[in-house]
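Participant: Supplied in structure tokens, the structure appears directly below.
The values are calculated or read from the model by the stated rules, or taken from the named source; none is laboratory data. All figures in this text were calculated on a predicted structure; none of them were measured in a lab. Ideal geometry is used to build each Cβ from the backbone, glycine not excepted, and the neighbour counts take in all protein chains shown. Just the protein is used for accessible areas: all its heavy atoms, side chains included, with ligands, DNA and RNA removed. Shrake-Rupley method; radii C 1.70, N 1.55, O 1.52, S 1.80 Å.
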Amino acid sequence: MMPNTKLLIATNNKGKLKELRVLLSAAPYELIAPSQIGLFLDVDECAKTYAANARLKALSFAKASGMLTLADDSGLEVDALNKAPGIYSARYAGPNASDAERVDYLLSKLKDVPVEKRSARFVCVIAIISPDERVRLCSGRCRGIITTSPQGTGGFGYDPIFLLPRLGKTMAELSYDMKNRISHRARAAKRASQLLQKLSFK
């Protein structure tokens, strides 16, 4: 694998893009954001699983760019809500809701749920796909508890209400380096990075 091979990161989410750039830094690729090549796609994530949505996004960006492409789909699963919002995490409070609005909406759904029943997990699935549609999938999970109010200012999405009991902190209270060692996306990206160093997409 040539070290200057380009890998397109198929996301328009600036927070996710920043994390993936760090998490994939060991892979022998030049990481490219869609905006760097003038590519602006809004993929309808209409599939029913994280893996299918990740594949859908990766394939759409790969076909549009002709590049080796990586995409992820991730979500928050809350046991008391029958694993919702799940694959609908980004759209749970409506298609144009802000992170703060999504957090507030989720907390409103749990207002009568005691702490001991607020278990949850973050899930991430990464798809790596070449323009000829060869696909590899990697996944990662991180377990925690949903807090009763936001705590911390780091991260993005549901990070301020996702408590890691063994650390006594939410994802949003962790240092950037710590989050990128233990998060669901970190675990999936580590596996993806290992695959990228072994695989040859010609």
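Participant: With every protein chain present, what is the per residue accessible area of the stretch 130-199 (1.4 Å probe, Å²)?
Facilitator: Using a 1.4 Å probe on heavy atoms only, each residue of the stretch 130-199 averages 51 Å².
Participant: Express the accessible area of the stretch 1-110 per residue in Å², computed with a 1.4 Å probe while the remaining protein chains stay in the model.
Facilitator: 49
Participant: How are the alpha carbon pair distances in the stretch 17-89 distributed across 10 Å bins from zero to the largest one, expressed in percent?
Facilitator: Binned Cα distances yield the sequence 18, 42, 31, 9, 1.
Participant: Between LEU39 and ASN82, 0.36 nm times their residue separation minus their Cα-Cα distance comes to what? Don't skip to the end; give the middle numbers.
Facilitator: Numbers: separation 43, 0.36 × 43 = 15.48 nm, distance 3.66 nm.
Additional length available on full extension: 11.8 nm.
Participant: In the chain, if the dipole is taken from +1 on Lys/Arg beta carbons and -1 on Asp/Glu beta carbons about the Cα centre, which of ILE9, SER139, LEU107 is farthest to the positive end?
Facilitator: Comparing the listed Cα positions along the dipole, SER139 ranks first.
Participant: Rounded to the nearest 500 deg cm²/dmol, what is the calculated helix-only ellipticity per residue at 222 nm for the chain, with -39500 (n - 2.57) per DSSP H run of length n ≥ 4? Could the numbers behind the result be given before it?
Facilitator: Numbers: 5 runs with 59 residues, N = 202.
Calculated at 222 nm, the ellipticity per residue is -9000 deg cm²/dmol.
Participant: State, to one decimal in nm, how far the label point of LYS111 lies from the label point of PHE156, with both points 7 Å from Cα in the Cβ direction.
Facilitator: 2.9
Participant: Peptides 174-180, 121-127: what's the order by average Cβ count within 10 Å, highest mean first?
Facilitator: Result, highest mean Cβ count within 10 Å first: 121-127, 174-180.
Participant: Can you give the Rg to Rh ratio of the stretch 90-202, both from alpha-carbon atoms, with Rh computed by the Kirkwood formula?
Facilitator: That ratio is 1.06, to two decimals.
Participant: Can you tell me the mean projection area, over all orientations, of the convex hull of the chain's alpha carbons? Units nm², please.
Facilitator: Convex hull of Cα atoms, orientation-averaged projection: 10.7 nm².
Participant: Follow-up question, since we're still on this one. Less than 19 Å from a label point 7 Å out along the Cα-to-Cβ axis of LYS198: which backbone N atoms in the stretch 16-37 qualify, by residue?
Facilitator: 24-29
Participant: How tilted is helix 99-109 with respect to the longest principal axis of the chain? Cα atoms for both, answer in degrees (0 to 90, nearest 10).
Facilitator: 40
Participant: Determine the share of the chain's accessible area contributed by carbon and sulfur atoms, expressed in whole percent, with a 1.4 angstrom probe. Don't skip to the end; give the middle numbers.
Facilitator: Numbers: 5170 of 10110 Å².
The C+S portion of the solvent-accessible surface of the chain is 51 percent.
Participant: What is the set of long-range amide H partners of GLY86 at a cut-off below 5 Å, with H atoms built 1.01 Å from backbone N?
Facilitator: So GLY86 has HN proximity to LEU76, GLU77, VAL78.
Participant: Now a separate question. Sorting check: for 107-120, 20-33, which peptide has the highest mean count of neighbouring beta carbons within 10 Å, and how do the rest follow?
Facilitator: Details: 107-120: 13.3, 20-33: 17.1.
Output ranking for 107-120, 20-33: 20-33, 107-120.
Participant: Right, something else. What number results when the radius of gyration of the stretch 99-144, computed over Cα atoms, is divided by 2.2 N^0.38 Å?
Facilitator: Numbers: Rg = 16.8 Å, N = 46, 2.2 N^0.38 = 9.4 Å.
In units of the globular-protein estimate, the stretch 99-144 measures up at 1.78.
Participant: Pull up the cross-link candidates among the lysines for LYS190, meaning alpha carbon to alpha carbon under 22 Å and not fewer than 8 places away within one chain.
Facilitator: Candidates past the 8-residue exclusion: LYS6, LYS14, LYS16, LYS18, LYS57, LYS179, LYS198.
Participant: Give me the dipole magnitude in Debye, nearest 20, for the chain about the Cα centre, with unit charges on the beta carbon: positive for Lys and Arg, negative for Asp and Glu.
Facilitator: 640
Participant: Taking θ = phi - 60°, what integer Hz values does the Karplus form 6.51 cos²θ - 1.76 cosθ + 1.60 yield along the stretch 175-188, in sequence order, with x for Gly and Pro?
Facilitator: Values, residue by residue: 5, 4, 5, 5, 4, 6, 9, 10, 6, 4, 5, 4, 5, 5 Hz.
Participant: Still on this structure, I have one more. Whole-Hz Karplus ³J(HN,Hα) for the stretch 130-141, in order, using 6.51 cos²θ - 1.76 cosθ + 1.60 and θ = phi - 60°, x for Gly and Pro?
Facilitator: 8, x, 8, 6, 6, 10, 10, 10, 9, 9, x, 9
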